[in-house]
Amino acid sequence: TGTRRLTLSKKKETVRNMDTDRKELIKKAFQAQKRAYAPYSGFEVGAALLAGDGSVYGGCNIENASYGACNCAERTAFFRAVYEGKKDFNAIAIVGKQKNADGYDYCPPCGICRQVMAEFCDPEKFEIILAKSEEEYRRYKLKELLPLSFTGKDMGEDR
Ligand code: THU
């Protein structure tokens, strides 16, 4: 709603502003969830990915009659952002629930999505926000959710 850029950056923002940014990011994840295409599982997921420049990319899960072709909300957000030229990310908010369920539980990202995060994000800094609502959420660092990750560094890439 406001014009202030979301960053979650400690240098520029006060802790209070960072909490506001998290709420805003969660709100965008709920908006993204409305785009979920999940006729097979009925499990609808939304994600909002915050890039280093303050831009936010929403993503939803996109299922397929050939189940292996399903794409998670998190990867939809990442692939949209990378296509737009972004490769630096601060955080992602994730929400998900079964279509007809009353309330939300935390929806942790699957292993493939964690691996995609590891390709682009600093494991010590990238924040994964699992939310039940704008008020009720848990925060994790990528390193906690994907320890000992395999990345380009393990292949001798100098990145
Ligand atoms: N899904 C996501 O989009 N993200 C997650 O974090 C967990 C799983 C999707 C994939 C599939 O469309 C449905 O949820 C059930 O697995």
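A few notes on this one:
- Scanning the range 42-60 for residues that are more than 19 Å from residue 103 (Cα to Cα) and of a type in the set (Asp, Glu) yields a count of 1.
- Filter result for residue 70 (at negative phi, at pLDDT 95 or above and in contact with a Ser or Thr (Cβ under 9 Å, 6 or more places away or on another chain)): yes
- Hey, residue 92 within 11 Å of the ligand (Cβ to nearest atom) and under 25 Å from residue 141 (Cβ atoms) or not: yes
- Summed over the range 61-89, the residues that are without any contact (Cβ under 8 Å) to a residue 40 or more places away in the chain and either surrounded by fewer than 14 Cβ atoms within 10 Å (Cβ to Cβ) or away from the ligand (no atom under 13 Å from the Cβ) (or both) give a count of 15.
- Index of the failed condition, residue 2 passing every other in (1) modelled with pLDDT under 95; (2) within 16 Å of the chain's Cα centre (by Cα): (2)
- All positions within the range 53-107 that are more than 20 Å from residue 21 (Cα to Cα) and aromatic (Phe, Trp, Tyr): 67, 79, 83, 104
- Qualifying residue in the range 28-38 (condition: within 8 Å of the ligand (Cβ to nearest atom), exposed (fewer than 14 other Cβ atoms within 10 Å of the Cβ), over 15 Å from the mean Cα position of the chain (by Cα) and within 18 Å of residue 96 (Cβ to Cβ)): no
- Applying the criterion of being among the β-branched types (Val, Ile, Thr) and farther than 16 Å from residue 25 by Cβ to the residues of the range 112-159, the residue that is nearest to the chain's Cα centre (by Cα) is 116.
- Any hit, the range 108-116, residues being touching a helix residue (DSSP H, G or I) at 6+ places or on another chain (Cβ under 6 Å) and away from the ligand (no atom under 16 Å from the Cβ): no
The values are calculated or read from the model by the stated rules, or taken from the named source; none is laboratory data. Predicted, not measured: the structure shown is a model, and the values here were computed from it. As a convention, Cβ positions derive from the backbone with ideal geometry for all residues, glycine included, and neighbour counts pool all protein chains shown.
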